[in-house]
Amino acid sequence: MSGMSADPAQALPAVMSPLSGQMLELDEDDDLEVFSKDMNLMDGSPMNASMPTSPASMINQYKFEEETDAKDIFVTVDNPESHVTALETFITYRVVTKTTRSEFDSCEYEVRRRYQDFLWLKERLEEGHPTLIMHPLPEKFVMKGMVERFNDDFIETRQKALHKFLNRVADHPILSCHEDFKIFLTAQAWELTSHKKQGPGFLSRMGDTVRAVAASVRGVRNRPEEFTAMLEYVDSFGQKMISLDKVTQRIVKEQKEYLGELKEYGPVYTLWSGSEEELVEPLKGVASCIDRCCKATEEQIGHLSENLVPLLHEYVLCTDSVKAVLRRRDNIQAESEAKNDALANRKADREALKDSKDLGFVLGSFLGKKPEEAKQQKEQRLDSEINELKEEVERLEDKVECANNALKGDWLRWQGNMRSDIKAAFVSTAEKNVDYYEKCLAVWESFLTSQTAAHDMESNSGHSS
């Protein structure tokens, strides 16, 4: 249930990290990206001291608290299809929507979307709500060493990431009501293409970029302490994720190397048994145990690769998203402060003009202009600028207040989702670890039992003879 919000009552130390391998950016098409595989949240039940105390049974009793709010929109991303044209190769995904919302003309929709469409949606949502925390999309990167561009694992990974992105948007009380989200879910491909062309043009986007850069250069003077604390938290959170991911990546790598050696190890015992008549059964038994441990190790590696590692990288990207939101909030405040400064300067100019005898007015009198008339014209111009700046300052102050309130509310939502996801991943990993070691333990205990019984039988037969 990747889109489910969780109760944020329980705090959890921040931990997670980015993929440690080198990355190679592909410049062919935006549909290539890699994103760690999504994970499925677990269900269990609260632990009770009177229940069985074996590790596996204790973990199985663990249950996460989930929100019971009724959902009115359900989105599924599945059924990927490959498309090959003369210019490019890309993947589209089926997006199925079921909803009871009145603003939708139907209760069910089915469309196909490619990665570029998801990217467009994310950009439009960020433009409309710059201080709401957006769940990350898969990256437009691929790990070095990947053999096939569109292998099954890669496509499945991308599909799960896109599914989680849409469901986090669908679960959001504000983002899910955005008109572009509705269009994304309902419009056919040609309709969506037409709608995209109606968006802001290149020059408009360039102007927004220039203003954002200017605001970031100016910086913000009086950032509220709560947002400074958010930034410090996210920085610390990101560092913990980086450390944790490096260790997890190393564990997966070492386990794969161990598995490779284990697979070479078992056949040695099988070959050996062919030349040792007295040790045939024990040697074959060891080979069988090793083979069963190999299978358990493969499952363990698969679980880490498909659940824990992907989640770590997902929240690395989430950390970057939160930092981007904080920067946009700072830019809004910086723009407001700049307008306030401009207004203060104009007011100072207006006050200085009252008592000044500007040389320019005197010189203007030689050109046939009356000094008082020129002064009055300048006062009128300054008054007009002051009034315009006042209106702009009021508008920006309202914008800052709305941005702050939006971010504060979404911060709690993000933390709740993050803590729920991390708890689920860690408990799932703990359960899988216990299951792995219990399987291996049972394999070798079975071997020891059989060998002990065989030894006892030999001893008894020896005594009787």
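Figure the gain on full extension for ASN433 and ASP320 (residue separation times 0.36 nm, minus the Cα-Cα span) and round it to one decimal in nm. Length gained, ASN433 through ASP320: 37.6 nm. In this simple spin-label approximation, GLU281 and GLU299 carry label points 7 Å from Cα along the Cα→Cβ vector, and these lie 2.8 nm apart. Please compute the modelled spin-label separation between ALA352 and GLU388, points set 7 Å along Cα→Cβ, answer in nm with one decimal. Once both label points are built, they end up 2.0 nm from each other. The Cα center of segment 262-300 and the Cα center of segment 307-344 differ in position by 56 Å.
Note on segment 273-338: with charges restricted to the Cβ of Lys and Arg (+1) and Asp and Glu (-1), its dipole about the Cα centre is near 520 debye. Positive-end ranking of ILE251, TYR315, SER273 along the dipole of segment 225-330, with charges on Cβ about the Cα centre, is headed by TYR315. Calculated FRET efficiency, SER82 to GLU372, Cβ-Cβ distance, R0 = 56 Å: about 0.10 to the nearest 0.05. By the rule of a C-alpha distance below 27 Å, with chain neighbours fewer than 8 residues away ignored, the lysines paired with LYS253 are LYS37, LYS140, LYS144, LYS160, LYS164, LYS240, LYS263, LYS295, LYS423, LYS432, LYS439. If you plug the beta carbon distance of ASP153 and ALA338 into 1/(1 + (r/R0)^6) with R0 = 56 Å, you get a FRET efficiency near 0.70. If only the Cβ of Lys and Arg carry +1 and only the Cβ of Asp and Glu carry -1, the dipole of segment 241-361 around its Cα centre is close to 1120 debye.
Counted residue by residue at 0.36 nm each, then reduced by the alpha carbon distance between them, the extension gain from TRP444 to ASP72 reaches 128.8 nm.
Readers should treat all values here as calculations from the given coordinates under stated rules, not as data from a laboratory. Here the structure is a predicted model, which is why all the values come from computation and not from measurement. Glycine also receives a Cβ, built like all others from the backbone with ideal geometry; neighbour counts cover every protein chain displayed.
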